[in-house]
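One structure, as structure tokens, below. Some questions next.
Read-outs throughout are calculated quantities, based only on the coordinates presented, and are distinct from any laboratory measurement. Being a predicted model, the structure only gives us computed values, none of them experimental. Here Cβ is always computed from backbone atoms with ideal geometry, including for glycine, and neighbour counts include all displayed protein chains.
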Amino acid sequence: MADDFQGSHYVQLQPGDSNVPYNFKFTACTASTANDGAIPYGATMHKLQRIRAHEVNSTHESTQPIASAVLSSNTVTAYLSWTTVGISRGMYHFTLKLTAVIGGSTVISLTRNYDFDRVVMRDK
């Protein structure tokens, strides 16, 4: 499993929803020759550089549905909100850009796309 998503269910945000937590876990490969993780063997996440929401079937990229995001260990928790008028109804996916540290000193930049389209913005 390359990327450990919080589940296989949809997250539905409705107007007025705020700070709905959504987790993205980055597991490391189990060996230096394995390709079974989201980040290289021996790596730990160091810094969340950015997180963006992308409306499906659109080139629109936004931070509006993301109230805040926190990196803790190898998990990013994004707090999603629909408190802004400019957010479009529809389905969204996410792109996260992070830095990881390997062996305590080597810093690498990683971009991970979560394009399984499971965050839905719709009216009640």
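With a Förster radius of 22 Å, plug the Cβ-Cβ distance of residue 27 and residue 111 into 1/(1 + (r/R0)^6) and report the FRET value to the nearest 0.05.
With a Förster radius of 22 Å, E is 0.85.
Given charges of +1 on the Cβ of Lys and Arg and -1 on the Cβ of Asp and Glu, with all other atoms neutral, how large is the dipole of the chain about its Cα centre, in debye to the nearest 20?
The dipole magnitude comes to about 220 debye.
With r as the distance between the Cβ atoms of residue 70 and residue 34 and R0 = 30 Å, compute the FRET efficiency 1/(1 + (r/R0)^6) and round to 0.05.
Values: r = 28 Å, r/R0 = 0.94.
My answer for the efficiency is 0.60.
Let me ask something else about it. Quick check: residue separation of residue 97 and residue 19 times 0.36 nm, minus the Cα distance between them. What number comes out in nm?
Here the answer is 26.0 nm.
On average over all directions, what projected area in square nanometres does the range 19-118 have, based on the convex hull of its Cα atoms?
Its Cα hull, projected and averaged over all orientations, spans 6.8 nm².
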